[in-house]
Amino acid sequence: MSAAASPVARRTARRTYAGWLRGLAIAVVTLIFALPVIWMFAAAFKTNVQVTDPSVGLWFKPTLDNFRSIVEAGQIVRSMGNSLLIGVVSTVLSAVIAVPAAWAVGRFSMHRTGSLILVARIVPAISLLVPWYYLFAKAGLVGSYTVLILSHMFVSVPLIMWIMISFFAGLPVELEEAARTDGLSAFGAFWRITLPLAAPGTATASLLAFVFSWNNFMFALVFADDRTQTVPVTLFNFISYASTDWGGLMAAATLITVPVVLAAILGQKYLVAGLTSGATKG
């Protein structure tokens, strides 16, 4: 009995040992990636002297002066509102355009269109800034919310389309065929049957597009003015030639990280489902 149980016991011990090693490896990798965020959060409650002092670690007397000063200045609050407005509007408009287009490309095998979308994804946006600025300046749009929304949509639309094409291609076409047999048009079958099934993928793509818009620095630096300035440009203003307000910079960075983290937490169920669906369908 003991001889027969010995191999089973050894396999169980190996699995337990492998599980512990896997857990330890995950914990180490998580800690490595979390350290910059932990340092940023801690530095937000330090004075500039404490931030630049290597002897001051995580044990210090916290202060809210950094948060108080940036909120009283008003620029960070205004820029967060600008980023939220631009991010939400550009993401919603991009999804309205990109999701039906991705369904058409994926369902009707428009391979050339898919290749064109890929080209739009890999073209560096910085190469278009000069012609864009010239055209938008001629139209009197530089410094407006419109130019920022349109420039963000240039990246968000191909991003959402590229994610959703493979998602729609993995959904069973028999559901749409059954709906069309019942009298629905092709678009009616998409609207009533396929689109609800694509909710996880749409949420995933939209969240990634919103994160891009929230973090984008280049477009806002070129096209925005003081009224439409977004949070990445506001963060850049804490850095000057003579010195850097590290405490204010870290406090502002902490504040602008909160909306993205909340969006990821609230959409976690759809995010996980959307990211894993491509690996299990098709």
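Only the coordinates and a few stated rules stand behind these numbers; no lab work does. All figures in this text were calculated on a predicted structure; none of them were measured in a lab. Positions of Cβ are backbone-derived with ideal geometry, glycine not excepted, and every protein chain shown enters the neighbour counts.
Run the dipole for the range 47-189 about the Cα centre, Lys and Arg Cβ at +1, Asp and Glu Cβ at -1, nothing else charged, and hand back the magnitude in debye, nearest 20.
Roughly 360 debye, rounded to the nearest 20.
Towards the positive end of the charge dipole of the chain, with charges on Cβ (+1 Lys, Arg; -1 Asp, Glu), say which of Ala95, Ile193, Phe210 has the farthest Cα.
Ile193
Across the range 91-97, in residue order, what do the Karplus-derived ³J(HN,Hα) couplings come to in whole Hz, using 6.51 cos²θ - 1.76 cosθ + 1.60 with θ = phi - 60° and x for Gly and Pro?
5, 5, 5, 5, 5, 4, 7
How long is the gain from Arg15 to Ala139 if the chain were fully straight, where each residue apart is worth 0.36 nm and the alpha carbon distance is subtracted?
38.1 nm
Please state, rounded to one decimal and in Å, the Kirkwood hydrodynamic radius that the range 72-167 gives when every pair of distinct Cα atoms enters the mean of 1/r.
Answer for the range 72-167: a Kirkwood hydrodynamic radius of 14.9 Å.
Given the Cα-Cα distance of Leu195 and Ile38 and 0.36 nm per residue of separation, how much length would full extension add, in nm?
Gain in length upon complete extension: 52.6 nm.
Assigning unit charges at the beta carbon (Lys, Arg +1; Asp, Glu -1) and nothing else, what dipole magnitude in debye, to the nearest 20, does the range 66-280 show about its Cα centre?
I would put it at about 140 debye.
Rounded to the nearest 0.05, what FRET efficiency is calculated for Val173 and Val96 with R0 set to 30 Å and r the Cβ-Cβ distance?
0.80
Among 177-190, 68-81, 218-231, how do they line up by average Cβ neighbours within 10 Å per residue, starting with the highest?
Put in order of decreasing packing, that is 218-231, 68-81, 177-190.
If you take the Cα atoms of the range 2-43, find Rg, then find the Kirkwood Rh from the mean of 1/r over all pairs, what is Rg/Rh?
When Rh is taken as the Kirkwood radius, the ratio is 1.43.
Expressed in nm to one decimal, what extension gain is obtained for the pair Thr244 and Ser55 from 0.36 nm per residue of sequence separation less their Cα-Cα distance?
That works out to 66.1 nm of additional length.
Under 1.5 on a/c is rounded, so check that first for the chain, then, if it is not, pick prolate when a/b is larger than b/c and oblate when it is not; a ≥ b ≥ c are the square roots of the alpha carbon gyration tensor eigenvalues.
Because a/c hits 1.5 or more and a/b fails to exceed b/c, the chain counts as oblate.
How many nm separate the modelled label positions at Val29 and Asp182, each set 7 Å beyond the Cα in the direction of the Cβ?
4.3
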